[in-house]
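Input: a single structure, listed below in structure tokens.
The values are calculated or read from the model by the stated rules, or taken from the named source; none is laboratory data. This is a predicted model, so every value here is computed, not measured. Neighbour counts run over all protein chains shown; Cβ positions are idealised from the backbone, glycine included.
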Amino acid sequence: MTALLLDVQDLETRFKTRDGYIHAVNGVSFQLREHETLGIVGESGCGKSVTMMSLLRLIPSPPSEVVNGRAFYRQIDLLKASDDEIRRLRGSELSMIFQDPMTSFNPVLTIGAQVAEPLTIHRGFSQEEAMEKAAEMLSLVGIPNARERLNNYPHQFSGGMRQRAMIAMALISSPKILIADEPTTALDVTIQAQIVDLIRELRNELGMAIIWITHDLGVIAGLAERVMVMYAGYIVEEATVDDLYDHPQHPYSIGLLGSLPRLDASKRHRLISIDGLPPILTQKPAYCPFLDRCRYAIERCRKANPPLLEISPTHRAACWVNPKTGKERL
Amino acid sequence: MNQRTLLQVENLVVHFPIQKGFLFQKTVAVVHAVDGVTFQIHQGETLGLVGESGCGKSTTGRAIIQLQRPTSGKVVFEGHDLTVMDGEDLRRMRRRMQMIFQDPYSSLNPRMTVHQLVSEPMAIHHLYPGKARTERVAELLNMVGLNPAFANRYPHEFSGGQRQRIGIARALALEPSLVICDEPISALDVSIQAQVVNLLEDLQESLGLTYLMIAHDLSMVRHISDRVAVMYLGIIVELTDSATLYRKPLHPYTQALLSAVPIPDPKAERKRQRIILQGDVPSPIHPPSGCHFRTRCPLAAAICTELEPEFREVSPGHWVACHMV
């Protein structure tokens, strides 16, 4: 097994609003190992992005505050590191790519200047050296005529090319961890296939670990080795990718997988929908946050919010009920 | 299946002129949004229209319902050519065809209550006067799974999925026969998407609706549709029933599109052969000569540059526009 790279314990983030606190992340713990690809799946508002933004300290405080938790990256607690230190890490070892390639670039700076920036700021490269490396990186991510393209502005790039340029910018400093927050959601499906393919190649070539945040269970199936499902600020299930798709253990994961039509389905069947809506997180629920939408709920679910229970050494789920038998787990 | 044709679209063309100048505007270029599409929709079926952004699928939908007047071509609905109708005649036809829009956040007037929103179409068409209208609103809200007690609330008090239900109730208020759904679920969360898709299927069964389902999500379109048309850069490249589309796609674009759609199953994903298309979709201002897809096509030959492929029926009900098939 490869070395531990990131160790997050009990992360809790909340937002202060006029109507009180919104508890966005409610005690999230996970580990990431070297060269591993970890998928985080969940719907809007489940806390998947806030978790990552909290770790990289990218959310403004106020309104947000990290009230609890530790996040060790090589003996450094990211949550307590000084601003300088976290900035240095963000520019070199921990990179992030964002969902929207249209708004993540500065429109008045050239692509070259933005892709090269981490090297001049953090690595002490000269402008020429940095530009040289940026051109290399852009051609690595598949942008034709990379050298001429350095002088282009973001609006001269198509959506797919901008996402490629963002990947080049994130990888130029050879990060150990790449955090990708819905990097293909804004793209068309044939362009998405290009980008996923590219990330797969780069992962093998450069050997970074990847945390891939998405709401799309399809994309993650072909990419991740391990997947965490988030709901209402909690990790509700964590498993290897095969275990999760073959034997989902949390009713929410079961519902999510059942609600997706499959392209390779041979005949039409009714989709399994999850009734109701996700809870509004103005207070941390004392019972299971999925209770109101759950078809397996038993008395115990009303009394206590289940922690992640071990089902096998590689599979954990936060549910009192075994969905196969419908009975309480022992 | 009853094969009565409800809608016949013939050689539909929508071009948007790009104009320059202030006082003396002149057209400097033309966006070829829809470049000649032909298809029929049968009574009671669901026809899916898929394609990537900018392929002209939404413009096709809008041109059918005459929200966008076509540049040329015919749209024959229940025996009437809509492209030559206007004013009161056209408005009367619109009772029979309604649209559900993508974004439930912007397609409902935030200053109107649910009751006002759902009853507005009836007021415009002078239907269900007086108390009957309130009853009809309640009936419609029940039909789409909303509590009629919420009729006096405003759209912002509802979630995305509930708002889309309000949009559906509004579209059904006039008992249309054809409903054009333009990306009805793409703004919704995954677990809510299935709720709305199931609702649309139930309504089709109970009310005998005919759908034109416009979307970019091929697995969802294939799930809900009887037949699927695939669009690329303003033209339909392939049209067939949804089983054949997956089992035996003929057009190289359809093949690439199918192979690009991820399947939520790690084992299936590992076994798949992907066709990765190179580059981006060309600009619809200057679509390529001959076949629109030839610039990204792995099979392109000399003839594809010279001659636009004919949209032809290669086996019963299976239409393709490609020289290489």
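The table below gives the values:
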quantity	calculated
Residues being surrounded by fewer than 13 Cβ atoms within 10 Å (Cβ to Cβ), free of Cβ contacts under 8 Å to residues at least 40 places away in the same chain and in a loop (DSSP other than H, G, I, E, B) - total across the range B:302-319	3
Filter result for the condition that a residue is over 17 Å from B:Arg165 (Cβ atoms) and either modelled with pLDDT of 95 or more or in contact with a Ser or Thr (Cβ under 8 Å, 6 or more places away or on another chain) (or both), over B:Ser242, B:Ser191	B:Ser242
Residues that are assigned to a helix (DSSP H, G or I) and in contact with a Lys or Arg (Cβ under 8 Å, 6 or more places away or on another chain), drawn from the range B:142-174	B:Pro155
Selection within the range A:73-108 - over 27 Å from A:His215 (Cβ atoms), surrounded by 17 or more Cβ atoms within 10 Å (Cβ to Cβ) and among the hydrophobic types (A, V, I, L, M, F, W, C)	A:Ile86, A:Leu89
Positions within the range A:14-29 being in contact with a helix residue (DSSP H, G or I) (Cβ under 9 Å, 6 or more places away or on another chain) and either without any contact (Cβ under 8 Å) to a residue 60 or more places away in the chain or not β-branched (Val, Ile, Thr) (or both), in sequence order	A:Phe15, A:Ala24
Which numbered condition A:Glu237 misses (of (1) surrounded by fewer than 23 Cβ atoms within 10 Å (Cβ to Cβ); (2) among the acidic types (Asp, Glu); (3) more than 11 Å from chain B (Cβ to nearest Cβ))	(1)
Residue count for the range A:163-181, restricted to those that are within 18 Å of A:Leu32 (Cβ to Cβ) and either buried (at least 23 other Cβ atoms within 10 Å of the Cβ) or of a type outside the set (S, T, N, Q) (or both)	9
Considering residues of the range B:238-248 that are surrounded by fewer than 22 Cβ atoms within 10 Å (Cβ to Cβ) and within 11 Å of another protein chain (Cβ to nearest Cβ) only, the residue nearest to A:Arg200 (Cα to Cα)	B:Tyr246
The lone exception for B:Leu117 - which of (1) outside any helix (DSSP H, G or I); (2) under 22 Å from B:Leu188 (Cα atoms) it fails	(1)
Residue count, the range A:113-144 (criterion: under 21 Å from B:Asp280 (Cα atoms) and part of a helix (DSSP H, G or I))	5
Residues being under 23 Å from the mean Cα position of the chain (by Cα), more than 7 Å from every other protein chain (Cβ to nearest Cβ) and free of Cβ contacts under 8 Å to residues at least 60 places away in the same chain - total across the range A:254-279	2
Only listed residue being more than 30 Å from A:Gly45 (Cβ to Cβ) and either in contact (Cβ under 8 Å) with a residue 24 or more places away in the chain or away from chain A (no Cβ under 14 Å) (or both), chosen from B:Gln195, B:Gln204	B:Gln204
Residue list for the range A:241-253, restricted to those being at the interface with chain B (Cβ under 10 Å from one of its Cβ atoms) and under 13 Å from B:Asp265 (Cα atoms)	A:Val241, A:Asp242, A:Asp243, A:Leu244, A:Tyr245, A:Asp246
Selected residue (only one of A:Ala297, A:Ala224, A:Ala304, A:Ala318 is of a type in the set (Gly, Ala, Ser), in contact with a helix residue (DSSP H, G or I) (Cβ under 6 Å, 6 or more places away or on another chain) and away from every other protein chain (no Cβ under 14 Å))	A:Ala297
Any hit, the range A:283-290, residues being in contact with a strand residue (DSSP E or B) (Cβ under 7 Å, 6 or more places away or on another chain), in a loop (DSSP other than H, G, I, E, B), charged (D, E, K, R) and in contact (Cβ under 8 Å) with a residue 12 or more places away in the chain	yes
Members of the range A:201-214 found to be modelled with pLDDT under 90 and within 14 Å of chain B (Cβ to nearest Cβ), listed by number	A:Glu201
Subset tally (residues that are surrounded by 18 or more Cβ atoms within 10 Å (Cβ to Cβ), touching a helix residue (DSSP H, G or I) at 6+ places or on another chain (Cβ under 7 Å), more than 17 Å from B:Ile235 (Cβ to Cβ) and not hydrophobic (A, V, I, L, M, F, W, C)) for the range B:57-95	1
Total residues in the range A:41-94, condition among the hydroxyl-bearing types (Ser, Thr, Tyr) and within 23 Å of A:Leu217 (Cα to Cα)	3
Scope the range A:82-120; condition under 24 Å from A:Leu32 (Cβ atoms), in contact (Cβ under 8 Å) with a residue 24 or more places away in the chain and small (Gly, Ala, Ser); matching residues	A:Gly91, A:Ser92, A:Ser95, A:Ser104
Where B:Gly234 falls short, out of the listed (1) away from chain A (no Cβ under 12 Å); (2) surrounded by fewer than 22 Cβ atoms within 10 Å (Cβ to Cβ)	(2)
From the options B:Gln40, B:Gln98, residue that is out of contact with any helix residue (DSSP H, G or I) (no Cβ under 6 Å at 6 or more places or on another chain) and assigned to a strand (DSSP E or B)	B:Gln40
Residue tally, condition within 14 Å of chain A (Cβ to nearest Cβ) and in a loop (DSSP other than H, G, I, E, B), over the range B:286-295	1
Number of positions in the range A:280-330 that are surrounded by 19 or more Cβ atoms within 10 Å (Cβ to Cβ), over 18 Å from A:Leu244 (Cα atoms) and touching a Leu at 6+ places or on another chain (Cβ under 6 Å)	1
Of residues in the range A:148-198 being of a type in the set (Asp, Glu) and either touching a residue at least 60 places away in the same chain (Cβ under 8 Å) or under 28 Å from A:Ser54 (Cα atoms) (or both), the one farthest from the other protein chains (Cβ to nearest Cβ)	A:Asp181
Count of residues meeting criterion [touching a residue at least 60 places away in the same chain (Cβ under 8 Å), over 28 Å from A:Gly207 (Cα atoms) and in contact with a Leu (Cβ under 8 Å, 6 or more places away or on another chain)] in the range A:46-68	0
Number of positions in the range A:47-91 that are on the phi < 0 side of the Ramachandran plot, of a type outside the set (Val, Ile, Thr) and assigned to a strand (DSSP E or B)	8
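Listed here are the residues, each with its yes/no results for (1) at pLDDT 95 or above; (2) touching a strand residue (DSSP E or B) at 6+ places or on another chain (Cβ under 7 Å); (3) under 17 Å from B:Thr5 (Cβ atoms).
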{"position": "B:Glu88", "(1), (2), (3)": "no, no, no"}
{"position": "B:Arg91", "(1), (2), (3)": "no, no, no"}
{"position": "B:Arg96", "(1), (2), (3)": "no, yes, yes"}
{"position": "B:Ile100", "(1), (2), (3)": "no, yes, no"}
{"position": "B:Tyr105", "(1), (2), (3)": "no, no, no"}
{"position": "B:Leu108", "(1), (2), (3)": "no, no, no"}
